[in-house]
Structures are given as C-alpha cells and as structure tokens.
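Shown next, in structure tokens, is the structure this report addresses.
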Amino acid sequence: MTAEVIVDIAHSEVDKIFEYRAIDGVFAGSRVKVPFGGRVVDGFVMRLKEGSDFDSSKLKSILSAVDDVPALNAECLKLVDDVSARYHCPKALVLRLFLPGEMRKGTVRELYKNVALFAKDVQVSPRAKAQAAALGYMKEALRADYTDLCAKFGRGAVFELVKKGALSLEKERVARTPYAAIAAESPEHALTEAQKRAVESICASDKTVQLLHGVTGSGKTEIYLTLIAKTLKEGKSAIFLVPEIALTPQMFKQLRARFGESAAILHSGLSAGEKFDEWWRLRTGEAKIAIGARSAVFAPVENVGVIVMDEEHDQSYVSESSPRYRTDEIARLRAEYNGCKLVLGSATPSVETYLKAREGEYGLLELPERINARPLPEMIVADMRREVRRGNNTPFSAALRDELAECLEKGKQAILFINRRGFAQSVICRECGYVAKCASCDVSLTYHSEENCLKCHYCGAQYHMLSACPECGSVHLSYTGTGTQKIVGELKKLFPSARILRMDNDTTSGKEGHYKILKAFSEREADILVGTQMVAKGHDFPAVTLVGILDADMSLHFSDYRSGERTFQLVTQVAGRSGRAEEPGKVVLQTYDPENYILRFAVNNDYKGFFGHEISLRKATAFPPFAKIVRVMVTAEDDKKALETLKEVWFSLKELYDGRPGEFLFFNKMRAPVKRIQNKFRYQVLMRLKSDKLLPEVYARSVPHTSRDVLVYVEENPNNLS
Ligand code: ADP
Ligand code: ZN
Ligand code: ZN
C-alpha cells in the first residue's frame, strides 16, 4: 500500500502530496513520522492506495504512526480539501486547525496513573501484617489506585504482593478535566410554548441552516440544550459554538450540569494537557458535545446531529490568521456533510444572515418576547450635547447619576459600558454632534495620530485634521474615548461608598481572569461593574437593574460600513443585561446624536425596522451583502520587497480587472492606512466586487506571490481595514 502524505511544513513550495510506503497501523487520517529531506518530520496520511504514481521500489517507508487511532476522521479529511480550496491555503496550514497546537509539536502526552488489580490468591506469612491486610483488601476491591494502595498499606507490602503475582499493575488514562472546580448547576426548565414551537419547527424544517432570532432573555439557551439532548438520545454528537468561552463560564457550567462528561470543552485558555485530553475524548467518542469558540468548529466528532452557533453576529467568528475562514461557512459544510441542522442564534442577527433567512435560504424562527413575558428594559436617552452646553464635563449625564443613586439605594447592581474598539477613532464635535466623513464613501474618517491626519479606509483618501467643527465652529472636538480607569475614578468621587469592579484588557489577564471578575460580580461582591465590550456578552446577572451606556455612538462613527449594525447590536446586547429577573430594568443611553435612526431603532427594540433601513442603505450604496469588499494584503519587514510584491500582485489582478471591469465597483492599490504593524510594512490592493464570482481568481492571482520574506493574503469583508 502507498500512503499519500502531507508533511507538516507550511511552505507553499512543499504544499503537495508525497508518497510513502505504508506500514501496519497506518490509516487515512493517521499522523505519521516520515523521513523528509534528511530529517524526520510529522505528516498526515490523506489517502491510502494500491500502487504508486512513482517507481514504488524507490518509495521511502513511513517510520511510525504517532497515535493508535487516526487523528482525522473521513469528514475532517474532506474538510481539509474543501477549506484548502476555498481559501487557497496550503493543506499543511489547514491541517493545523484540526489539532491542538501543543499536540502537533509533540510537547504533550497522555497522563496515566497506575492501577493495581487482584490477580490470584497467594500465601502470605502471618508476620507480614500489612501484606495480609492489603491482600484481604484487594480480594474484595479487585481494583485500586496504586498510589492510594501504597499510602494505605505501605509501598513495601504492595511491592511484595506484585512480586508474588497476587497483584498486577496496569496503566490507566487519566483525563485532565478543565473547570472541574466549577460547581455544576443548571435549573432545567419545562419549555414554554414558544420554545417548544421553535424546537419543533427547527427539527421539521427541510432547510439546513436555521436562524433563531430571539430577543435577549427569550430563552434561546434552553432551546439549544433541548436540541443537543435530542441529538445525544439519537446516539449522535453535537457542536456548540460560542463567541468567547472565557466570557461565558455559565454556559459551560450549564452544559456540564446537563450533560456531565459527555461535554468536552476546547479553548485556548486551557492547559496543554487539558486540551489534549478533551480533544481525544471527543475523537474517541467518549465525549459527544464539543463546546468552544470558533476553532471548535473543527472538533473531531463524528456523526454530528446538530451544530449550534450562539451569537452568530459576533465578529470573533471570522478568523484573523490564515486561513481566514468564516465559522458559519465551515459549520454549514459540516452540517451538509452530516445531513444535520446548523442553528444560528442571536438577538441581533447580522443583516447578511437575516437577509438570507428572509429570502428563504435559511429557516427563520422568531421569539419576540422575553421568558414569562418579562418586560424589556426601559430605555432613557441622555443627550450629551446638552450636558456639555450646561457645563457638565463629567462622563455621566444627570439622568445616569440619578438612576445610579437610586439603583445603589435599592441594593441592586449596575453595569456601565464603555465603547472602545481599537485605537483609531473618529472625530466628533461634542457640541453639535458633527462627525467627519469621507466625501466619496460616506463612512466616517479615522484619526491617525502619527501623521495627525484623517483617513478613509475604504478609498485611501487623506484629509487634514480639523481644528474646529465645520458646522458650528466649536473647538470641543473629541477623537479619543474615555478609558475605563478614568471612569472608575470619576465614579468613586460621585459614589464614595459604592463597590466597583473594572473589567477590561488590563484586569482580565490570567487563565481565568474574566471568570474571577464575573464570579465576584455575580456573588454581589461589587455594586457596579465598569467595562468594555466584554461586559456586553450574554451574561445573566439577576440583580442587575441598571445598565449605563456611556458613549453609545462611539461605534456608530467607526470607519466601517457596518458601524450602524455594530452599534445596534452592541446597544441591544448591553441593554439586554438589565432587568432579566423579576425586577424590571432600566438603561441609560448617552449620545451626542439622539436623533440617529440606529439609536432610535435600538431604543425601541425594533430589529426589523433597523434591518429594513440598513438593508436599503446597503443596497443603495452597493456595500455588502450586495457587494464584497476584498483586500489583498502584502506585508514584509523590508519595505522595498513588499512594494515589489505589491506591484506583481497588482499586475496580475489588473489583468483580471481589465477583462471584467464591470465586476468591479472599486479597484486600487495603496499603502495600508496603518503603514507598519509589528515591524512589517503593509500595502494593499483594495476592491469592491459586485459578487463572489471572481473571488477564486482573486485568491489564485495573489496568494501564490507569498514568498519567504513577503506574506500575501486575502481578506473578505474584513472587520478592520486599518
Ligand atoms: P437568551 O439566551 O435568549 O438571552 P436565556 O436562555 O439566557 O435567554 O434565558 C433567559 C432566562 O430565562 C434565564 O435566566 C433562563 O434560566 C430562563 N428560562 C429559560 N427558559 C425558561 C423556561 N422555559 N421557563 C422558565 N425560565 C426559563
Ligand atoms: Zn459642531
Ligand atoms: Zn472614501
């Protein structure tokens, strides 16, 4: 037999199949050691076949199989091919998505413990009391942990019994279980009528992808859990994807409580050993539910019965390193392969997803009400322009101060949310709300401090920095938000006795950093939680009755065509943290632009209104989903080399453009808005395409220009164009 092997070297030059002579114990999907260029390297067997395309007597032999069980199943092998073709990515790189990194590097192994087994009765001298006692014990127990046994009866006694053949020793695998310390608790609810209907229609539908659009607190989680339980009962497995597992320990807790050891968790915050063990538990079928962030979409489960993607609109579902895959695309491939459903859940679906659902490509289920008809929180809009004119220069409006005082007095909890994303921001007039925009693209400009200028990320245009507002002449221009630390300082002045927790990138380092803060807050060790995007996620704190959104429009003016969408999502998600239990909640939304339609829709909790408006805007301006923004990035430490490669890429893409100019809405090459990141110079070819038709050509004409010194990659509708 001949094995077709991909060697684990991610150079495009070696991205091809190498043939080796197969040995016993090697299957399609096996990890193997092979001789390669005078070294021994790891590889994956993609296929076994009779005969060879080469002179088979000259083939080298595989040296050994790394694992007893092939690491990849048939579905994963197919997925490797599909993903590699879709994103023009070397198979060796794609293969790395399927295994925990440490496993690849061989720095982690199974953890074993010794177990003693009773083998046969033997004669023991009556003077050897410990031996006799140990033998008596083992005759009853038959099996015991070796270390425990030694602790009980003494190492010498146990050793003697082993020597006499009374006991035999055996190695047993120990699974390192992450979050073992998290107490499992999960109230199991009888489904409401609405939940029941949702489950039934998801199961009955003939469409692979199902969108579950339910307002915050409508009980989507219970629907997911029911679908997963059903799948397990049918003997199948499940994949449950969440945006950031570190931020949602409650979710994992619930799954552990409900499904016990059948649930396995895959995420980057685990120790190498934990990752390894959880991965193998899934691969061998010992665990059936894979839970994790986007990379868990590659979980080694078989016979998948349902895939759930919670908060489907979340940006973290797009990978930011090669291959730059979209999690929903991969999940859909897997759902189609397994003939199962992919359930996308969100209170604020991306407009792209909702359009597909409305047009009938996806099934659509709507839960417009909270569980038990609990009201959505009351929204109070605070006009910050008026506050500035009144001389209030603190980050808190009068309304927010009053509501905070009342909330604290009642002994309830509050969350204050600060909108911060990236370092580059837009320029806004604090007196009239004017925002600097690009004349040709109608998106906000981004301030670049190193050059003290404003740039449009969609066409590359540069503008002078403003010294005063062109609308009202005010010099109160703001282009940096206020940090969490400063907010906490100001809060302490206002409410000296309030207990305040801060949650941002600085305070959440460490393996369970997020978890510690969230736990402290949920155990009422603090009254106010101040934080960034992290506090917006799906937390369920029953005592929170007030949410303050300090700068609701900061994300409205990010230089992204999705700014409106992001703001709607963010405001709705953060607001959804308020009043989730019996006590109704309130939200104070501070803005310089109270008339803004996005905020109006968010305040009225009107997703459909928002969607209708947004989708017609996208259509009129030819932005996604009615077009595709594609950026080909060329980066290198050597500026000259980067520029040379850019020219080659450009030349090759220009041919494509010249042949089909009608497919392009925009096409140009330029320096990236941020010229250099991590010592690498950055150039780009930016295009807006009418459809996906030319996409494979774009990849084929750019990615192969990658060389030892220059990296070339393609981004589709990138989250960030800096
Ligand atoms: P979502 O994910 O839609 O925001 P959750 O799943 O977090 O909503 O549910 C909101 C709250 O309602 C949770 O506290 C949950 O325990 C509770 N809940 C969910 N389903 C039921 C039910 N059938 N009966 C009673 N309470 C429920
Ligand atoms: Zn102004
Ligand atoms: Zn522009």
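The values are calculated or read from the model by the stated rules, or taken from the named source; none is laboratory data. All values derive from a computational prediction rather than experimental measurement. Cβ coordinates were reconstructed from backbone atoms using ideal geometry, including for glycine residues, and neighbour counts include every protein chain displayed. What goes into the accessible areas is simple: the full protein's heavy atoms, side chains included, and nothing from ligands, DNA or RNA. Shrake-Rupley method; radii C 1.70, N 1.55, O 1.52, S 1.80 Å.
Details
- Here's how it looks for G214: its modeled amide H is under 5 Å from those of S346, A347, L367, which are all 5 or more places away or on a different chain.
- Residues K654, K492, ordered by accessible area of protein heavy atoms at a 1.4 angstrom probe radius and largest first, appear as K492, K654.
- A398-L665 FRET efficiency (beta carbon distance; Förster radius 56 Å; 0.05 resolution): 0.75
- Accessible area in square angstrom per residue, the chain, 1.4 angstrom probe: 44
- Taking the C-alpha atoms only, the angle from helix 220-233 to the longest principal axis of the chain is near 20 degrees.
- R600 accessible area, 1.4 Å probe, all protein chains in place, Å² to nearest 10: 90
- Karplus-derived HN-Hα couplings along region 712-722 (A = 6.51, B = -1.76, C = 1.60, θ = phi - 60°), whole Hz, x at Gly and Pro: 10, 9, 10, 10, 9, 6, x, 6, 8, 10, 7
- Each part gets one Cα centre, and for region 301-317 versus region 648-722 those centres are 29 Å apart.
- For the chain, the cysteines with no partner cysteine C-beta closer than 4.7 Å are C76, C89, C150, C203, C340, C407, C453, C459.
- As a length-normalised measure over Cα pairs under 8 Å and 6 or more apart, the relative contact order of region 618-722 settles at 42 percent.
- Surface composition of the chain: carbon plus sulfur atoms hold 49% of the accessible area, using a 1.4 angstrom probe and ignoring ligands, DNA and RNA.
- Taking amide H atoms as placed 1.01 Å from N in the peptide plane, the amide H of V304 lies under 5 Å from those of S237, each 5 or more residues away in sequence or on another chain.
- On Cα atoms only, tilt of 272-283 relative to the major axis of the chain in degrees: 80
- The figure for D68 is an accessible area of roughly 140 square angstrom, using a 1.4 Å probe on the protein chains alone.
- Sum of side-chain charges, N679 neighbourhood, beta-carbon under 14 Å (Lys, Arg +1; Asp, Glu -1): +1
- The angle separating the long axis of helix 513-522 from the principal Cα axis of greatest extent in the chain is about 70 degrees.
- Accessible surface ranking that places the most exposed of D402, D53 first, with a 1.4 angstrom probe: D53, D402
- Exposure of T394 as accessible area (Å², to 10), given a probe of 1.4 Å and all protein chains: 40
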